[in-house]
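The values are calculated or read from the model by the stated rules, or taken from the named source; none is laboratory data. Quick caveat, the model's predicted, so the values are computed rather than measured. Note: accessible area is taken over every heavy atom of the protein model, side chains too, but ligands, DNA and RNA are not part of it. Shrake-Rupley method; radii C 1.70, N 1.55, O 1.52, S 1.80 Å.
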Amino acid sequence: MSNIKGWILSNLSSTLTVSQIAAHFEFNPNYLERIFKQATGQTLIQFINDLKMERAQELLLKTNFPIKRVASDACF
């Protein structure tokens, strides 16, 4: 799971789908979703959204960027 999480973090700026992630790691999307949830307690989409929210929160607290820039920089 750490390889998958790391890859997601490295590619967070692009639009990620379960199918894309599964294809990269040569898994069936349903299987990947199931094993990821068993290992982490959350779906891949929840994990991705949590990363984006953490990034947005960090930017809002540490910068004076306008909301549009924060949303863009946090990959929303």
Using a Cα-Cα cut-off of under 26 Å, which lysines could be cross-linked to Lys68, ignoring same-chain neighbours fewer than 8 residues away? Lys52
Cα long-axis angle, helix 44-62 against the chain (0 to 90 degrees, to the nearest 10): 20
Length-normalised contact order of the chain in % [C-alpha pairs under 8 Å, at least 6 apart]: 28
Connecting C-alpha atoms closer than 10 Å in a GNM of the chain, tell me which of Leu61, Leu12, Leu51 has the biggest fluctuation. Leu61
Percent of accessible area on segment 1-63 owned by carbon and sulfur, 1.4 Å probe? 50
Which residue, Asn28, Asn11, Asn64, tops the fluctuation ranking in a GNM of the chain built on C-alpha contacts under 10 Å? Asn64
Per-residue HN-Hα couplings for segment 30-43, Karplus 6.51 cos²θ - 1.76 cosθ + 1.60 at θ = phi - 60°, whole Hz, x for Gly and Pro? 5, 5, 4, 4, 5, 6, 5, 5, 5, 7, 10, x, 9, 6
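Taking only protein heavy atoms and a 1.4 Å probe, what accessible area per residue, in Å², does segment 1-64 have with all protein chains in place? Display every interim value, and only then the final one.
Working: 4280 Å² over 64 residues.
Accessible surface, normalised per residue, equals 67 Å².
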Considering amide H positions built from the backbone, and no H for Pro or chain starts, which residues 5 or more places from Asn11, or on another chain, come under 5 Å of its amide H? none
